[in-house]
Amino acid sequence: MIDRSPGAASVKQLADGAFGYVQPDGSWFINNCGFVDADGHAVLIDTCATERRTRALLSAVGDTAGPVTTLVNTHHHGDHTNGNYLVGGATVVGHRKTRETLLADGIQRYEGVFTDSEWGNLELRVPDLVFDDTVTIYAGQTRIDLIHPGHAAHTTNDVLVWLPEQRLLYSGDLVFNGGSPFALMGSVAGWRAALNVIRELDPAVILPGHGPVCGLEAVDAVDDYLELVQRAAETGKAAGRSPLEQAKATDLGRFAELTEQERLAGNLHRAYAELDGEGWGAPLDLVAPLKDMLAWNGGPIRCFS
């Protein structure tokens with residue numbers, strides 16, 4: 001039996017003064033966060049989906065590095081931003097589109113899509129400081145580069161958090177390790193291009209958005225999965241199948257071991273749109289993809305957040 005409770009999370013030292021907060025099992029809304037010691041206070045990378053998970057995160061950060069004075073969001077999804085409001089007087093930093101999307105969408109609980117989530121009391125808090133391409137911040141003497149890949153990938157507003165001296169990358173959800181990548185709100189093709197940005201950085205250690213600490217082998221696995229999605233979309237379009245029909249007809253091969261396989265149906269909606277000429281990250285109506293994911297799953301998706 002997998003322990004997915006907040007108490008199962010652990011702090012892992014990834015480099016001198018840099019840490020990962022790893023939450024098993026990395027499934028829906030159970031993300032990883034990071035933090036960097038700034039000589040008595042901390043720079044935090046992302047918060048959690050729920051109140052209780054974020055409170056546990058902040059307790060662990062405080063015990064290790066001190067109070068959080070700067071919070072970086074790697075993208076707008078709720079499992080990385082719902083807990084922002086709990087980070088006191090910290091300055092929240094994110095991509096301009098992270099702020100814009102959060103203000104437009106608010107806190108999403110996806111009623112009827114996911115079951116069993118214990119959200120707690122949530123309040124919207126958006127980035128205070130925004131950027132478009134890159135910006136550098138410091139945690140004490142530690143340089144932290146925030147890098148937008150230049151286009152949509154997992155979302156339209158992904159941010160890589162790169163510590164060049166340590167060759168440590170907090171990838172956000174541009175890397176999943178053990179779970180199915182999810183491109184519905186971004187771009188399949190754009191994500192594959194963004195993975196080349198990671199390869200050019202050549203990190204020694206990666207803390208993925210979900211799953212265990214990894215290296216570049218996980219980047220290659222994400223790329224291979226997204227290539228499979230593109231090929232399946234081409235096959236499905238040629239055969240006149242709907243995204244759901246093609247999802248059911250697709251042999252996942254070695255990716256059958258990944259969790260959240262229902263994401264394939266959503267990914268195919270995005271890949272079909274790109275074959276139809278839609279731009280990377282173009283807005284899609286999410287109703288049909290979510291319905292197809294539920295149909296694949298046979299009903300609402302259990303969430304352990």
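The values are calculated or read from the model by the stated rules, or taken from the named source; none is laboratory data. Computed from a predicted structure; not experimentally measured. Because the Cβ atoms are built from the backbone with ideal geometry, glycine has one as well, and the counts that use them run over all protein chains shown. Keep in mind that these areas ignore ligands, DNA and RNA; they rest on the heavy atoms of the full protein, side chains included. Shrake-Rupley method; radii C 1.70, N 1.55, O 1.52, S 1.80 Å.
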query = Which peptide among 58-69, 207-218 comes first, and what is the full order, when sorted by highest mean count of other Cβ atoms within 10 Å?
reply = 207-218, 58-69
query = Between SER59 and THR91, what length comes free when the chain is fully extended (0.36 nm per residue of separation minus the Cα-Cα distance, one decimal in nm)?
reply = 9.7 nm
query = For the chain, modelled as a GNM with alpha-carbon contacts under 10 angstrom, which of ALA273, ALA265, ALA233 fluctuates the most?
reply = ALA273
Value of Rg to Rh for region 135-238 (Rh from inverse mean 1/r over Cα pairs, i.e. Kirkwood) = 1.01
request  = Order these peptides, 89-97, 184-192, 41-49, by their mean beta-carbon neighbour count within 10 angstrom, highest first.
outcome  = 41-49, 184-192, 89-97
0 to 90° range, to nearest 10: angle between helix 188-201 axis and the chain longest Cα axis = 40 degrees
task = Please give the helix 51-64 orientation as an angle from the longest Cα principal axis of the chain, in degrees from 0 to 90, rounded to the nearest 10.
result = 40 degrees
query = What aspartates and glutamates could a cross-link reach from LYS248, if we take a straight Cα to Cα line under 13 Å and drop same-chain neighbours fewer than 8 places away?
reply = GLU262, ASP292
ask   = Under a point spin-label approximation (7 Å from Cα along Cα-to-Cβ), what is the ILE107-GLU217 distance to one decimal in nm?
value = 4.0 nm
query = Given a 1.4 Å probe and every protein chain left where it sits, what share in percent of the accessible area of region 10-215 is carbon and sulfur?
reply = 46 percent
key: Theoretical ellipticity at 222 nm over the chain - DSSP helices of four or more residues, -39500 (n - 2.57) apiece, nearest 500   = -10000 deg cm²/dmol
message = Can you return the aspartates and glutamates within cross-link range of LYS97? Criterion is Cα-Cα under 17 Å, with same-chain partners fewer than 8 residues away left out.
response = ASP46, ASP79, ASP105, ASP128, ASP132, ASP133, ASP158, ASP173
ask   = How high is the FRET efficiency from LYS12 to ALA238, r the C-beta distance, R0 45 Å, rounded to 0.05?
value = 0.50
request  = Out of all DSSP beta bridges with both ends in the chain, state the antiparallel percent to the nearest 5.
outcome  = 60 percent
task = Report the relative contact order of region 10-215, percent, no decimals, based on alpha-carbon pairs under 8 angstrom and at least 6 residues apart.
result = 19 percent
inquiry  = Along the Cα→Cβ direction, 7 angstrom out, place labels at MET1 and ARG52. What is the inter-label distance in nm?
reply    = 1.5 nm
key: Probe 1.4 Å, accessible area per residue of the chain, Å²   = 39 Å²
task = With a ≥ b ≥ c taken as the square roots of the eigenvalues of the C-alpha gyration tensor of region 10-215, please select rounded if a/c is under 1.5 and otherwise prolate if a/b is larger than b/c or oblate if it is not?
result = rounded
ask   = With axes computed from alpha carbons, what is the tilt in degrees of helix 96-105 against the longest principal axis of the chain, rounded to the nearest 10 within 0 to 90?
value = 70 degrees
ask   = Taking Rh as the Kirkwood radius, which is the inverse of the mean 1/r over Cα pairs, what is the Rg/Rh value for region 153-305?
value = 0.97
